[in-house]
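What follows is one structure encoded as structure tokens, with my remarks underneath.
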Amino acid sequence: MDFRTIVEVNKGCFELNPQRPLMLLGSCFSDNIGDRLISAMWKSAVNPCGVLYNPASIASIVARALDNKFLSDEDIATTDNRYFSWLFDSHFASVDKSSALQKMNDALSVTAEYLSNISCLIVTFGTAWIYELAENRQVVSNCHKFPSNNFRRRKMSVEEIADLWIPLIERLQKNNQELKIIFTVSPIRHFKDGAHENTLSKSTLMLAIDRIISETQHTDYFPAYELVIDELRDYRFYADDMLHPSKVAIDYIWKRFSDKYFSVQTIDLITKATKLTQRLKHRPLTDNVAQINKFNSETERLISEFIATHPFLQKP
């Protein structure tokens, strides 16, 4: 007798090739998968514009990158001697206005460059709930700790999300004809919205993605949400906050993702690359400087030789 529900994950309609870079955008779940790719020396851009949770904010960044529409002084807001943009999270804020603007435009430039060259864009939607500035209804990616009366909170509809993304995908694939897109829904629950509201949100995202995929080409869905909620439903697969997946859960999702989108040869290459990069995290058990330097030099040599054999890879 099997005491768990197995989520069927069919082989993807396309394979991901390590010889072409990838980009991941969206919820912090993108960071989890992106970290695995970076550890495998895969050329990847992971949330270059910061973590983005809702479909509108992700679409806004993608559209700006496609249009090479960089931020100007008018796009920068300020509070408590700190400069920021409603399009970016707080990591891009600075006490220096020109520094904040430079960081944000550099991130947009990286995003634009990758969109033109990647083989696949992986997009993770986290929530359908959005916050709009009360004064002009601009969707914000981060509230930057402003009082709630500065915003209008609402849930995007299925039609709104689909109507936003379908033409955007057409633009993306016109810009990069080889581009494939994988959508996922983050398994991280947004309980600050309330349990019922979180369920409505995730359901909305699922329905929107289903419509997007049915009306576009070279798009696919990976069931990260279902794997955590249905297959790994035990709380031992969650972090201490009981909302985020644990490392064990992320490792399992990564394996199912690999089985779906990677060939046997690619999985073997990723395994070898990851073993090498794990050496970079090695904590020496000795104070012997000579031994430590020898280990570090050996690590650098092994990684350099591996990349020389596989020049499409890069050191993390």
If we only count strands (runs of 3 or more DSSP E) wholly inside segment 123-212, which ones have 2 or more residues that are surrounded by 15 or more Cβ atoms within 10 Å (Cβ to Cβ) and aromatic (Phe, Trp, Tyr)? 129-133
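Here's the yes/no breakdown for (1) at pLDDT 95 or above; (2) surrounded by 12 or more Cβ atoms within 10 Å (Cβ to Cβ):
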residue: 251; (1), (2): no, yes
residue: 254; (1), (2): no, yes
residue: 261; (1), (2): yes, yes
residue: 285; (1), (2): no, no
residue: 288; (1), (2): no, no
residue: 299; (1), (2): no, yes
residue: 310; (1), (2): yes, yes
residue: 316; (1), (2): no, yes
From the list 150, 54, which one is at pLDDT 95 or above and not charged (D, E, K, R)? 54
If you scan segment 35-50, which residues turn out to be outside any loop (DSSP other than H, G, I, E, B) and among the small types (Gly, Ala, Ser)? 39, 44, 45
Do we have residue 191 as at pLDDT below 95 and either under 23 Å from residue 31 (Cα atoms) or within 19 Å of the chain's Cα centre (by Cα) (or both) here? yes
Residues in segment 28-35: is at least one at pLDDT 95 or above and within 15 Å of the chain's Cα centre (by Cα)? no
Only one of 32, 17 is under 19 Å from residue 252 (Cα atoms), outside any strand (DSSP E or B), in contact (Cβ under 8 Å) with a residue 60 or more places away in the chain and not small (Gly, Ala, Ser); which? 32
Checked pairs for segment 254-269, first in contact (Cβ under 8 Å) with a residue 60 or more places away in the chain and over 22 Å from residue 310 (Cα atoms), second open to solvent by less than 20 Å² (accessible area, probe 1.4 Å) and part of a helix (DSSP H, G or I), C-beta under 9 Å and 6 or more apart or across chains, list as 254/33; 256/224; 256/227; 256/231; 257/33; 257/224
So which residues in segment 177-188 are charged (D, E, K, R) and more than 20 Å from residue 30 (Cβ to Cβ), if there are any at all? 178
Going by the conditions given, is residue 83 within 22 Å of residue 205 (Cα to Cα) and either crowded, with 19+ Cβ neighbours inside 10 Å or not polar (S, T, N, Q) (or both)? no
Suppose we filter 43, 11 for residues that are farther than 23 Å from residue 223 by Cα and of a type in the set (Lys, Arg); which single one remains? 43
Condition met for residue 56 (farther than 16 Å from residue 138 by Cα and of a type in the set (A, V, I, L, M)): no
Scan (1) touching a helix residue (DSSP H, G or I) at 6+ places or on another chain (Cβ under 7 Å); (2) in contact (Cβ under 8 Å) with a residue 60 or more places away in the chain for the single condition residue 71 breaks and write down its number. (2)
Considering only residues of segment 263-283 that are in a helix (DSSP H, G or I) and more than 30 Å from residue 11 (Cα to Cα), which is modelled with the lowest pLDDT? 281
Against the condition of a type in the set (D, E, K, R) and open to solvent by less than 20 Å² (accessible area, probe 1.4 Å), how does residue 75 come out, does it pass? no
Do you know which residues across segment 272-295 are closer than 13 Å to residue 313 by Cα and of a type outside the set (A, V, I, L, M, F, W, C)? 272, 274, 277
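The values are calculated or read from the model by the stated rules, or taken from the named source; none is laboratory data. Every value quoted in this text rests on a predicted model; they were computed, and no experiment measured them. Virtual Cβ from ideal backbone geometry, glycine too; neighbours counted across all protein chains shown. The protein model used for the area step is the full one, side chains on, heavy atoms only, and it has no ligands, DNA or RNA in it. Shrake-Rupley method; radii C 1.70, N 1.55, O 1.52, S 1.80 Å.
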